[in-house]
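Here the structure comes first, spelled out in structure tokens, and everything after it is commentary.
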Protein chains: 4
Amino acid sequence: MKQIAIITFILTLFTLSSFMPQQKKKVIFFGDSITEAGVKPGGYITRITELATKEGSAAKYDFVGAGIGGNKVYDLYLRLEDDVLSKTPDVVVIYIGVNDVWHKRSYGTGTDANKFEGFYNALIKKIQAQGAKIILCTPAVIGERTDFSNELDGDLNLYSNMIRNIARKNNLPLVDLRAAFLDYNKQYNKENKESGILTSDRVHLNDKGNQFVADEMWKALKQL
Amino acid sequence: MKQIAIITFILTLFTLSSFMPQQKKKVIFFGDSITEAGVKPGGYITRITELATKEGSAAKYDFVGAGIGGNKVYDLYLRLEDDVLSKTPDVVVIYIGVNDVWHKRSYGTGTDANKFEGFYNALIKKIQAQGAKIILCTPAVIGERTDFSNELDGDLNLYSNMIRNIARKNNLPLVDLRAAFLDYNKQYNKENKESGILTSDRVHLNDKGNQFVADEMWKALKQL
Amino acid sequence: MKQIAIITFILTLFTLSSFMPQQKKKVIFFGDSITEAGVKPGGYITRITELATKEGSAAKYDFVGAGIGGNKVYDLYLRLEDDVLSKTPDVVVIYIGVNDVWHKRSYGTGTDANKFEGFYNALIKKIQAQGAKIILCTPAVIGERTDFSNELDGDLNLYSNMIRNIARKNNLPLVDLRAAFLDYNKQYNKENKESGILTSDRVHLNDKGNQFVADEMWKALKQL
Amino acid sequence: MKQIAIITFILTLFTLSSFMPQQKKKVIFFGDSITEAGVKPGGYITRITELATKEGSAAKYDFVGAGIGGNKVYDLYLRLEDDVLSKTPDVVVIYIGVNDVWHKRSYGTGTDANKFEGFYNALIKKIQAQGAKIILCTPAVIGERTDFSNELDGDLNLYSNMIRNIARKNNLPLVDLRAAFLDYNKQYNKENKESGILTSDRVHLNDKGNQFVADEMWKALKQL
């Protein structure tokens, strides 16, 4: 009788555990059009899910895309409460900066360097106040030429430097996409083309680019 | 005995009232460099205090400047909590928009029209949630020519139209400085000069300009 | 005998004159994409030919389009010799200015006001040195709103004022398209729409716009 | 007698030669504010004269400054006849490009890449048609940071690449100031400062910068 009781107890535990809510890590990818496209088939977030599945850890994660086309750092700040904090994420991946630089040229509505830094720090402060972990990313490219002759390379380098400094000061993990893209292009873009290596149009990711970003981010996510 | 009781009662009331905290209306002027200069001697906020003093109502108001040079609508949003809400104002005068337009040209970092509207509405929502009254202002001028040949007149008109619509929709008082400046210039700037009428440098207020803005705002403040 | 000789002489003259090359007026329209489209079916130059035909004077004119998309005033100067002077026109219609203003916003490559004036004057000087007559035009619109809330109205007004002054100083005929378009829009664009009245896309002429420009230019051409 | 005759002949030749007009090489430096400042005391053209004097060849040269502040490539084209060709130079040093890039940001009036190339080629064609030799220069810097994080590095690299290609295609000597400045800064600007190494303000030459440019240009001039 005693043994039966024990077995019953064990079975009950087992049954209960299978019904217990799996404690998934909620990861929110917070960004612009690149992230908005990331949740589509072939997108970098979709591919991160695939990587997790392949490694048998998909059940441990809940990957959520929170990207909106045209967003700059202050747009993230405006919708931080609604799109991120209210969803109580465990991890927030901040992937922003392309439009802050690009829109200077295309619309005259980019973001001043000092204000980029100010809003970026404000994002970090509010997310940390809620207890979530944060991963930072540098903006990859606006043009894939490797000799720094893409029109906006100067600012992309400057703003990436700022993000690297913020990561260092706050001891936060950094996915340095800009550095990684440059390395990749130096190897595989010998013709110094503007696009077609990791992007389709100088900015947005093609298949290779989505996989590349997925790989880089997945490495960082696993280390958390 | 009855009379003494009455006199004592009256004296008591009188004494009490003189110790009761004077319920001042705290008015915060929330804006950019024009407002930052407004608290200086000769500035428009200083002149509003003078107008109130002249009319014997200075004791009823606490005028607070919260202007920072270079600010755009999203900068106000970033510091709304610290510089406005935490001070529990009774009235907030929002006077913003010049840099949102101007910086498109000078730095490539102006504010997109739809985002200007988005942040403006977000400001109103948060201020109203705390119960303060709001007065809106249109950005006056970047150049005082009256034939709409100032470089940024197009956007100033567009963004002013947006503010007028926001005032209408939210049933908020509007100090339409842009319209008022144009009327004044049509009368007193017959040579169609770029500056020197109400501004010293096309944007910032000279003495006449500060008095003009003070007069316009004081009219609106008294009506609250 | 003498009379026969005279009659023969007169008949000979008459016959000769009918074989003599008709002295046509060569009119070159010198401009940007609007003029490039002007020679297409429905374009404003095609329609000017139709107006001339209707009035029986088509044989007196040779209308030549010399418009290239994206051209600014200095592009006209660069190709003045090849595309205009080498063709020895009788009349040159200069219709430029939209891109000088527009590209400030879209590419950061507009034309400074003082340089616009400098190149414009250089064009006139060189064309006049060759003896051709000149008709000037103001740039019509970048957006058809009538309350001067189109983003680039300020500069369009400024640059149009410069062209008006150049016309006045040089005593040259002016087709003031900007003024004419505004008048038309005030009457027919009561909803204050950005496009769709005389343009298809805020800048380029729709059918009505092409006819409108043809009518305005034809009036000026007939007076030469 | 024969010897005397010979000596007399030699003396005569010698005397004649000393009275013959020295055939000086006229070198015109054609550029912007950097070249405008070049003729001042301490300026790079003044220093080239000093270098020639030191080497005893000053008498062989006539160095002429033709720089005007704010000039872009098309401004050079507009004043080519008056300021260069009419002076029948032997050598023209074209030193332009900073404003073509810089004014994109500061005024919205930079020069499109394809038009930069077009006007540059037109300059070369016209100068060569008159028989003068040409030396090309790349625009040095707008900011002296060495990690390509100066805002306009992308375009400066692109436009410099165009000039390098034009030099190659036309087999023209090139003073590659951009490359030379970068090398110098990599060695002497270890702190990655924006200015103060070869420039006073990120663009205009300080004493060291003027000497550096003088040295580089003098090397090229001597080889002609």
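The values are calculated or read from the model by the stated rules, or taken from the named source; none is laboratory data. All figures in this text were calculated on a predicted structure; none of them were measured in a lab. Please note: Cβ atoms are built from the backbone with ideal geometry, for glycine as well, and neighbour counts cover all protein chains shown. Keep in mind that these areas ignore ligands, DNA and RNA; they rest on the heavy atoms of the full protein, side chains included. Shrake-Rupley method; radii C 1.70, N 1.55, O 1.52, S 1.80 Å.
Couple of notes before you dig in:
- Yes/no for D:F116 being within 11 Å of chain C (Cβ to nearest Cβ), in contact with an Asp or Glu (Cβ under 9 Å, 6 or more places away or on another chain) and crowded, with 20+ Cβ neighbours inside 10 Å: yes
- All positions within region A:170-180 that are surrounded by fewer than 19 Cβ atoms within 10 Å (Cβ to Cβ) and part of a helix (DSSP H, G or I): A:N170, A:A179, A:A180
- Hits in region C:170-191 - residues which are within 12 Å of chain B (Cβ to nearest Cβ) and within 16 Å of C:V93 (Cβ to Cβ): C:R178
- Residue list for region D:34-50, filter: of a type in the set (V, I, T) and farther than 14 Å from D:K219 by Cα: D:I34, D:T35, D:V39, D:T46
- Inspection of region A:143-164 identifies at least one residue that is touching a Phe, Trp or Tyr at 6+ places or on another chain (Cβ under 7 Å), in a helix (DSSP H, G or I), touching a residue at least 60 places away in the same chain (Cβ under 8 Å) and closer than 30 Å to C:W102 by Cβ.
- Selection status of A:A167, of a type outside the set (V, I, T), open to solvent by less than 10 Å² (accessible area, probe 1.4 Å), more than 14 Å from every other protein chain (Cβ to nearest Cβ) and closer than 24 Å to B:G110 by Cα: no
- Taken together, the residues in region A:181-210 that are assigned to a helix (DSSP H, G or I) and crowded, with 18+ Cβ neighbours inside 10 Å amount to 6.
- Of the set (1) closer than 19 Å to D:K219 by Cβ; (2) free of Cβ contacts under 8 Å to residues at least 60 places away in the same chain; (3) in contact with a strand residue (DSSP E or B) (Cβ under 7 Å, 6 or more places away or on another chain), all apply to D:T53 but (3).
- Boolean, C:V213 is in contact with a strand residue (DSSP E or B) (Cβ under 9 Å, 6 or more places away or on another chain), in a helix (DSSP H, G or I) and of a type in the set (A, V, I, L, M): yes
- In region C:119-134, of all residues being touching a residue at least 12 places away in the same chain (Cβ under 8 Å) and in a loop (DSSP other than H, G, I, E, B), the one that is surrounded by the fewest Cβ atoms within 10 Å (Cβ to Cβ) corresponds to C:Q130.
- Checking A:K219 against (1) under 20 Å from A:Y159 (Cα atoms); (2) among the basic types (K, R); (3) under 12 Å from the mean Cα position of the chain (by Cα), the condition it does not meet: (1)
- Of the residues making up region D:177-206, those that are within 26 Å of D:M162 (Cβ to Cβ) and of a type in the set (S, T, N, Q) are D:N185, D:N189, D:S195, D:T199.
- With respect to (1) touching a strand residue (DSSP E or B) at 6+ places or on another chain (Cβ under 6 Å); (2) closer than 27 Å to C:D201 by Cβ; (3) open to solvent by 10 Å² or more (accessible area, probe 1.4 Å); (4) of a type outside the set (D, E), the lone exception for C:C137 is condition (3).
- Qualifying positions in region A:140-164 - surrounded by fewer than 21 Cβ atoms within 10 Å (Cβ to Cβ) and among the basic types (K, R): A:R164
- Residue in region D:77-88 that is farther than 19 Å from C:K115 by Cβ and in contact (Cβ under 8 Å) with a residue 60 or more places away in the chain present: yes
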